[in-house]
Amino acid sequence: MKHISHFQAFLADTVNLNRTRIDLLESSVSTIQSFIRNSDWEPKVRRFEQQGSWAHGTIIRPVKGREFDSDLLVVVDPVSGWSAADYIKELGKIFLGSDLYRAKTRVWDYCITITYSGDRKIDISPCVFERISSDTYEVCNKVDNKFEITNPVEYTRWVNKQNRLSGQNSIKKCTRLLKYLRDIKGTFSCPSIVMTTIIGKQIEWYEKDSPDFADVPTTFRTILIRLDAWLDKNPNLPRIENPVLKSENFADNIDQTKYQNFCKFIKKYKEWTVEAFDEKDRDKSIGAWRKILGSEFAKSVVLENSAQATGEVRRLVRSLLDSAGAHSSDLVEHVREWGTWILPPEFGRPPYMQPPPWPEAQRVTDSVYVSASWHKTREGPGRVVASGEAVLAHGGLWFDVRVNQGDTVPGDYRVEWRITNTGAAALVQQNGRGGFYLPTISTRRWEPLKYRGVHISEAFIVDRRTEQLVGVSDQFFVVIE
């Protein structure tokens, strides 16, 4: 069954970026634009352009504790004698020299990032217009000091054109759904530009008003079926051309390992989607859609068999556990498939886990959020990892913590990390590790990835003056294959 009204509510209430965040974003962008125009940055500003998911209409609400990115392009005339790096460095100096933006500013290879107290950040990218020929756009690569041809405005037009071929803006809505699925489940990793492109290519010009794209659930089913077929034909990472700039290969943003995992889970979610769509029984169909999209889908509906189904899954998981936490390695596969919600409450409290040694303050806040990023080495580049996302047993994770809506931990408070290992190999090697550890650097904790299992990281915040516990994060699950 389609459940069109439930899809509408799910998008509005759970997936789409909400109005409050949009208003804050637009206000911040307006202020940034005025700041740049009124600054003494040398390039003449022609205009500002939205780019990325914000411009494409595929931006989604961030998962709890994470930020959403918005991209702003500053289109400028070339400056005689300037290198590509100069545009980034000089714009960075303007922001770093400002009392308003200094503490919020980071200068990267292609952009300047302004991170706000809350869950949003804005990436500002200089784009040089007609430096080499008419109607050409180039972004600036600071690290390699070179200009790179781009065409984000035309790409946005392509996304809009493909979307207009579908009914009810369903191509964009389904792109949001798949991005939500990626972020909430953490079972696969695929850059948004890659997903947006290959999804957009699943509809042809002659299919305008086709019944295969009539509404959101139908389009979601059609896209997953076609996407799965396309991935089957391309088991090795193919070239994914920018549809408006053939020289640009978006496949450079993903590697073969991540691509193969993406293929695997698209096939799984395609099969589940077809099952949910074709199911004639209302309750069974809603239950099947929740298997894909999570419990927030059709959350107003109470299913008669939902408690029974949840109990059956959790009984299966309990059968893989023992009181010592030396669970079967099959648990990793079940968590990869279903998510961490299947873990029973007692999983997060094994007997060897040490309790907090500090007395609790009168109020202990839970507005404490753990984030993680995977790195091959401590000093190397990394990528964001979600709680419950499966990772391989090499490299390590940097854990960090924020409070309230993205603030850093104030100086009068310190962070301690409780790291708990589960699984037979970890328990044999580390004797039931479940104690407290100081940060490696500042508030951040480095943990190498070694043992297959579902492990737990938690942040505890202690008042240095009173030695009382004032904040505790949710458990962050690390799934090591």
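The values are calculated or read from the model by the stated rules, or taken from the named source; none is laboratory data. Note that this is a predicted model, so its numbers are computed, not measured. Note that we place each Cβ from the backbone using ideal geometry, even for glycine, and neighbour counts take in every protein chain shown.
State which residue pairs qualify: first residue over 12 Å from Ser70 (Cβ atoms) and in contact (Cβ under 8 Å) with a residue 24 or more places away in the chain and inside the stretch 23-48, second residue of a type in the set (Val, Ile, Thr) and assigned to a helix (DSSP H, G or I) in any location, beta carbons under 7 Å apart, and separation of 6 or more residues or different chains.
Pairs that qualify, where the first residue is over 12 Å from Ser70 (Cβ atoms) and in contact (Cβ under 8 Å) with a residue 24 or more places away in the chain and the partner is of a type in the set (Val, Ile, Thr) and assigned to a helix (DSSP H, G or I), are Ser39/Ile94; Trp41/Ile94; Val45/Ile36.
Would you check which residues across the stretch 351-377 are acidic (Asp, Glu) and modelled with pLDDT of 90 or more and list them? Spell out how you get there, then give the answer.
From the stretch 351-377, those acidic (Asp, Glu) are 360, 366; that's our starting set.
Passing the criteria: only Glu360.
Test of understanding: among Gly325, Gly348, Gly395, Gly380, which residue is on the phi > 0 side of the Ramachandran plot and either at pLDDT 85 or above or surrounded by fewer than 19 Cβ atoms within 10 Å (Cβ to Cβ) (or both)?
After ruling out the rest, the residue left standing is Gly395.
Can you name the helices (runs of 4 or more DSSP H) wholly within the stretch 1-103 that have at least 3 residues being surrounded by fewer than 16 Cβ atoms within 10 Å (Cβ to Cβ) and within 27 Å of the chain's Cα centre (by Cα)?
Working: elements: 4-10, 19-37, 52-56, 84-96.
Result: 4-10, 19-37.
Select from the stretch 133-149 the residues that are of a type outside the set (Lys, Arg) and not in a strand (DSSP E or B) and list them in ascending order.
Ser133, Ser134, Asp135, Thr136, Val143, Asp144, Asn145
For the stretch 104-120, enumerate the residues that are closer than 24 Å to Ser367 by Cα, over 18 Å from the mean Cα position of the chain (by Cα) and in a loop (DSSP other than H, G, I, E, B).
Selection gives Ser117 alone.
Take the conditions of a type in the set (D, E, K, R), crowded, with 17+ Cβ neighbours inside 10 Å, at pLDDT 85 or above and out of contact with any Pro (no Cβ under 8 Å at 6 or more places or on another chain) and apply them to Lys291. Does it pass?
yes
Asp252 is checked against (1) closer than 23 Å to Ile225 by Cβ; (2) in a helix (DSSP H, G or I); (3) at pLDDT 90 or above; (4) not polar (S, T, N, Q) and fails just one. What number does that condition carry?
Here Asp252 meets the rest and fails (1).
Conditions (1) surrounded by fewer than 20 Cβ atoms within 10 Å (Cβ to Cβ); (2) at pLDDT 95 or above; (3) assigned to a strand (DSSP E or B), marked per residue:
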site: Gln405; (1), (2), (3): yes, no, no
site: Ala426; (1), (2), (3): no, no, no
site: Phe460; (1), (2), (3): no, yes, yes
site: Glu467; (1), (2), (3): yes, yes, no
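Looking only at the stretch 117-154, count every residue that is within 26 Å of Arg66 (Cα to Cα) and in contact with a strand residue (DSSP E or B) (Cβ under 6 Å, 6 or more places away or on another chain) and tell me the total.
Here the count works out to 9.
Out of (1) surrounded by fewer than 19 Cβ atoms within 10 Å (Cβ to Cβ); (2) within 27 Å of Tyr116 (Cβ to Cβ), what's the single condition that is false for Gly388?
(1)
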